[in-house]
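One structure is given below, encoded as structure tokens.
The values are calculated or read from the model by the stated rules, or taken from the named source; none is laboratory data. Model, not experiment: these values are computed from the prediction. FYI the Cβ positions are ideal-geometry reconstructions off the backbone, even for glycines, and counts take in every protein chain you see.
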Amino acid sequence: MDLNTLWFVLLGVLLAGYAVLDGFDFGVGILMPLARTDHERRILLNSIGPIWDGNEVWLVTFGGAMFAAFPELYATVFSGFYIAFMLVLFALIMRAISIEFRSKMESPAWRRIWDFGFFGSSLLAPLLFGVAVGAVMVGVPVDSQGIFVGSFFDIVMPKAQPLFPLLVGLLTAALFTMHGAIYLYLKTEDELQARLRRWMYHGFGTFLVLYIITTIVALATVPHAAANFEAFPWAWALVILSVLAIGNIPRTIFYNKPGQTFVSSSIVIIALVGLVGIALFPNVLVSSLSDAWNLTIYNAASSPKTLGIMAIIAAMGMPFVLAYTAVIYWTYRGKVRLGAHSY
Amino acid sequence: MDVVFLSRLQFALTIMFHYLFPPLTIGLSIVVVYLLGMRLKTGEAIYETAARFWTRIFGVNFALGVASGIVMEFQFGTNWAVYSRFVGDVFGSALAAEGIFAFFLESGFLAVLLFGWDRVSPRFHFFAGLMVSLGSIFSSVWITVANSWQQTPAGSQLVERTVNGRTFVRAEITDFWAMVFSPSSIHRLVHVWLAAFILGAFFVMSIAAWYLLKGRHLEFAKRSFTGALILAVIFTIGIVISGDLQAVNVAETQPAKLAAFEGLYKTEESTPLYLFGSPSDEEQRVKYGVAIPGMLSFLVHRDFKTPVPGFDQLEKDYGRPPVWISFQSYHIMVALGFLMAGMAVLALWMRWRGTLWNARWLLWGFVFAVIPAFAGNELGWVAAEVGRQPWIVYPTVVDGQVTGGLKTAAAVSETVVPQEVLGSIIMFGVLYTLLFALWVIILNHKIQHGPDPIPQEPDRTTAADYLEAASRRPGHEDSMTEPKEAPAH
């Protein structure tokens with residue numbers, strides 16, 4: 001594996017890590033309107049209270065790594081998707097404001113405003129992330145200069161595949177909602193937990209329907225989507241893994257093994273990120289205008305020297321990151337308890 | 001209005017808002033680590049009370065720093081695509097190091113620092129505080145390294161590349177450590193750190209002075225103020241020295257920037273130093289100014305004669321930055337630095353004489369002195385960034401030939417249109433107004449609430465202590481065995 005491929009894989013790892021971790025944060029936000037009392041809403045909020053900030057760092061690091069390893073890709077996508085990324089920023093800042101400030105005042109009106117902000121931003125962000133992934137898979141108008149020449153609508157509703165990005169957006173939101181419900185089931189107890197069981201089933205059902213539709217649309221109409229499976233037959237293992245993990249979700253809910261359910265939904269997320277990566281490889285951005293204008297892991301990359309230095313840095317740092325992330329999650333294991341320092 | 005102007009405006013707005021928080025975070029993290037360490041060492045309740053209070057304040061600032069910081073990372077790509085392609089290879093390693101070593105460290109352990117009071121041991125809590133502080137300091141290292149490379153490129157070379165149909169030049173790294181230790185990076189890093197520590201100290205003194213004036217939390221306020229005051233004296237004197245060394249460095253590496261700081265249109269012997277004034281591009285001189293003759297020559301060359309080059313010599317190679325903004329932001333920063341140093345030295349002397357706590361006028365001065373501390377941090381960066389114009393990446397001049405460099409006007413995204421940038425500026429304007437209002441409201445709320453009362457029960461309990469405490473509390477308001485209900489807030 002050369003350095004370019006290594007960094008393609010590492011970006012996938014960072015993205016998958018982000019999706020698994022911040023995914024349930026978004027899910028918790030989307031489920032907020034289903035909580036009935038202020039106490040329940042605070043339980044939901046505080047289930048992610050100590051960790052959402054750290055989870056968001058995976059996105060920051062993913063963005064930084066993309067800038068560093070594939071500056072062409074970073075420059076083209078971020079400038080091309082200008083409005084979409086500004087909306088992402090809006091959602092992320094709104095979410096941070098809402099989490100930080102909702103419980104600082106007692107007034108119900110104050111709290112209702114921030115609860116809505118938390119819900120809205122938690123829904124908007126995964127929709128946008130999904131749309132962006134869908135658009136990258138379908139291809140966007142990038143010219144011979146590597147410059148995006150379309151508009152916002154070429155991303156949301158590309159002419160070749162008007163529904164696909166939105167479909168992926170909805171799929172992402174549904175996946176995170178399910179994932180968030182499973183996470184909450186682990187962190188709650190009694191009557192709220194009993195209701196969460198229903199939410200898990202509903203979340204799973206919605207996800208499954210959207211997953212099947214999206215898969216059919218992808219295979220039927222998105223070029224390249226399946227081509228790499230001929231080149232890399234081992235990729236089928238990932239497909240099988242994702243199907244098994246999906247099947248394991250209702251099974252483990254039924255047998256009440258929420259720990260396993262959570263692992264299964266995390267595997268589904270990781271597998272889906274992996275499948276997107278395989279479908280794209282070795283491209284990182286497909287041009288809908290001409291195959292010759294695709295950005296690849298080679299023409300969009302930094303120099304081998306930089307990729308090498310970054311690999312050394314990652315090799316030195318990642319073991320520590322994983323170790324103390326595990327320690328911190330271990331510290332906050334167990335059910336949510338509201339205390340003096342809660343939100 | 002074009003995309004270049006609007007993107008610069010947006011960058012100025014977002015970075016200046018963001019930069020309210022990182023130096024305060026760095027400064028306060030030192031305070032928190034010190035208090036957690038003393039709590040661990042002495043077990044005295046006052047340290048825990050103080051640590052809890054300053055950690056709450058710290059947490060609010062940190063959250064705002066993260067929320068406004070994500071914008072910065074996105075913005076390089078959204079608005080400055082050409083720049084991103086140019087610098088990506090060089091910034092790559094610095095950004096990777098920042099993400100891996102700094103961001104994960106600070107945000108991960110922040111969870112333990114903020115929420116771990118009742119869950120982890122004081123020892124681990126101290127460790128978590130230390131890691132958060134180290135993380136925020138690491139972060140400042142890498143971002144200052146990257147920015148310093150933009151000011152004084154080193155350890156890199158320009159390489160021509162072809163991607164699909166386009167040929168362009170980008171900077172590629174040749175020597176990682178030469179890039180890290182570019183000619184200006186250490187000077188700038190020291191200056192950034194000292195400014196952050198000063199802000200932390202003045203922030204603490206501002207709140208403590210207010211409590212002293214209102215006669216609240218006196219024990220807590222006096223100890224906080226004294227501790228911060230000692231730091232303030234050391235750091236403000238330190239930053240004057242650091243500033244002098246840095247100015248000499250700027251004179252060597254970015255002469256046009258120094259010329260803009262000092263309003264030097266003409267090169268002359270015994271170059272004067274203006275204390276204040278108003279540089280005018282039309283008249284090619286500083287108007288309404290008061291100057292010390294030969295002083296700038298002395299500061300730069302350590303003799304009063306040797307001329308410091310002005311724009312008549314420099315402009316053809318380096319271009320000319322907006323002189324008025326550079327001059328004023330630099331001069332006000334320096335003036336504020338001396339003002340704060342003077343206040344700190346005066347207060348320390350009065351503290352030693354035992355008259356400080358009665359000098360209400362000076363305490364009121366310290367309540368508001370946090371504003372010059374914020375302003376000094378911001379203006380320093382304004383001077384550094386505006387003084388680099390018209391370049392976004394500074395060129396090097398070898399034998400009269402300008403090589404390398406990237407002009408700001410050529411660095412924006414090709415595909416972005418003015419309406420989009422205008423829209424995002426309005427969005428950030430609304431969001432940041434909201435954020436700023438909330439920041440003030442919450443800080444005020446926390447300051448009004450103040451530190452929790454210092455518990456009077458002895459910490460290390462013996463049977464005799466229990467009896468003593470029980471005898472003081474016949475009403476059993478506080479149970480000795482049940483954990484205390486935490487106060488809601």
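Looking at A:88, A:60, which one is more than 20 Å from residue A:145 (Cβ to Cβ), within 7 Å of chain B (Cβ to nearest Cβ) and either surrounded by fewer than 22 Cβ atoms within 10 Å (Cβ to Cβ) or out of contact with any Ser or Thr (no Cβ under 6 Å at 6 or more places or on another chain) (or both)?
On the way: A:88 fails: within 7 Å of chain B (Cβ to nearest Cβ).
Step by step, each of A:88, A:60 is checked, and only A:60 is more than 20 Å from residue A:145 (Cβ to Cβ), within 7 Å of chain B (Cβ to nearest Cβ) and either surrounded by fewer than 22 Cβ atoms within 10 Å (Cβ to Cβ) or out of contact with any Ser or Thr (no Cβ under 6 Å at 6 or more places or on another chain) (or both).
I'd like to check something: does region B:104-113 contain any residue that is more than 11 Å from every other protein chain (Cβ to nearest Cβ) and either part of a helix (DSSP H, G or I) or closer than 17 Å to residue B:63 by Cβ (or both)?
To start, the set of residues in region B:104-113 that are more than 11 Å from every other protein chain (Cβ to nearest Cβ) comprises none.
No, there is no match, as no residue in region B:104-113 is more than 11 Å from every other protein chain (Cβ to nearest Cβ) and either part of a helix (DSSP H, G or I) or closer than 17 Å to residue B:63 by Cβ (or both).
Of the residues that make up region A:133-145, is at least one more than 14 Å from chain B (Cβ to nearest Cβ) and of a type in the set (Asp, Glu)?
Of all residues in region A:133-145, those more than 14 Å from chain B (Cβ to nearest Cβ) come to A:133-139.
Checking the rest, the ones that are also of a type in the set (Asp, Glu) come to none.
So far as region A:133-145 goes, no, none of its residues is more than 14 Å from chain B (Cβ to nearest Cβ) and of a type in the set (Asp, Glu).
Of the conditions (1) within 11 Å of another protein chain (Cβ to nearest Cβ); (2) within 17 Å of the chain's Cα centre (by Cα), residue A:70 clears all except one; give me its number.
(2)
Are there any helices (runs of 4 or more DSSP H) wholly within region A:57-139 with 2 or more residues that are out of contact with any strand residue (DSSP E or B) (no Cβ under 6 Å at 6 or more places or on another chain) and under 17 Å from residue A:169 (Cα atoms), and if so which? Please lay out each step first, then the result.
On the way: elements: A:71-80, A:82-101, A:108-138.
Per the criteria, A:82-101, A:108-138.
Give the residues of region A:293-331 that are buried (at least 16 other Cβ atoms within 10 Å of the Cβ), among the aromatic types (Phe, Trp, Tyr) and either more than 7 Å from chain B (Cβ to nearest Cβ) or out of contact with any helix residue (DSSP H, G or I) (no Cβ under 8 Å at 6 or more places or on another chain) (or both), sorted by residue number.
A:293
For region A:199-233, enumerate the residues that are touching a helix residue (DSSP H, G or I) at 6+ places or on another chain (Cβ under 9 Å) and of a type in the set (Ser, Thr, Tyr).
Within region A:199-233, A:201, A:206, A:211, A:214, A:221 meet the criteria.
For the condition in contact with a strand residue (DSSP E or B) (Cβ under 7 Å, 6 or more places away or on another chain) and either farther than 25 Å from residue B:55 by Cβ or not polar (S, T, N, Q) (or both), what is the one hit in B:198, B:173?
On the way: B:198 fails: in contact with a strand residue (DSSP E or B) (Cβ under 7 Å, 6 or more places away or on another chain).
Going through B:198, B:173 in turn, the sole match is B:173.
Please pick out the residue among B:314, B:296 that is part of a helix (DSSP H, G or I), in contact with a Ser or Thr (Cβ under 6 Å, 6 or more places away or on another chain) and either outside the structural domain of residue B:389 (by TED's automatic domain parsing) or small (Gly, Ala, Ser) (or both). Full working, then the answer.
Values: B:314 fails: in contact with a Ser or Thr (Cβ under 6 Å, 6 or more places away or on another chain).
It is B:296.
Filter region A:33-48 for residues that are hydrophobic (A, V, I, L, M, F, W, C), in a helix (DSSP H, G or I) and crowded, with 21+ Cβ neighbours inside 10 Å; which is farthest from the chain's Cα centre (by Cα)? Step through it out loud before you land on a result.
So the first thing to find is which residues in region A:33-48 are hydrophobic (A, V, I, L, M, F, W, C), and the list is A:34-35, A:43-45, A:48.
Narrowing the set further to residues that are in a helix (DSSP H, G or I) leaves A:34, A:43-45.
Pick out the ones that are also crowded, with 21+ Cβ neighbours inside 10 Å and you get A:43-45.
On the way: A:43: 23, A:44: 20, A:45: 19 Å.
Looking at the filtered set, the residue picked out is A:43.
Of the conditions (1) touching a Ser or Thr at 6+ places or on another chain (Cβ under 8 Å); (2) more than 10 Å from chain A (Cβ to nearest Cβ); (3) not β-branched (Val, Ile, Thr), residue B:202 satisfies every one except a single condition; which number is it?
(1)
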